[in-house]
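To start, the structure itself, in structure tokens.
Since every read-out is calculated from the coordinates, none of them should be taken as a lab result. Since the structure is predicted, the reported quantities are computational estimates derived from the model, not experimental observations. Reconstructed Cβ throughout: ideal geometry from the backbone, glycine too, with neighbour counts over all protein chains shown.
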Amino acid sequence: MPGGKSVSKMHMDYLFKDPTIIARFADGAERVILEEIATVEDTPDEHIHILLVQGVWGNHPIGRSILGTHDTVNRFDADTIKEYFGRAYQPERIVIAVNSQSDKDVLH
């Protein structure tokens, strides 16, 4: 690994120290997400499932498609991600679970 870091350490660095990496990825993923939304809309059984869940749950978050909508994806940009990370990824809101085979030094 670059700089002698393990994969886990690299992921934690990206997640907690540099959300711009994720923001740069998201800028390129927009087209892929819009294509996936179109695919779901063109697949009757998947589209009906989304409509049913929306009908049952209304505007509650559980009633929304995990893919988002054309509008939400088109409004999504690097600044939105940076703002979200700054608000949501605070130490008191994060739980890290590890297994017995994890490198304990990564957590320090």
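Give, in nm to one decimal, the length gained when the segment between residue 88 and residue 35 is fully stretched (0.36 nm per residue of separation minus the Cα-Cα distance).
Answer, rounded to one decimal: 16.3 nm.
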Hey, rough spin-label estimate for residue 74 and residue 54, points 7 angstrom out along Cα→Cβ, what's it come to in nanometres? 1.6 nm
Region 25-104 - percent relative contact order, Cα under 8 Å, separation 6 or more: 31 percent
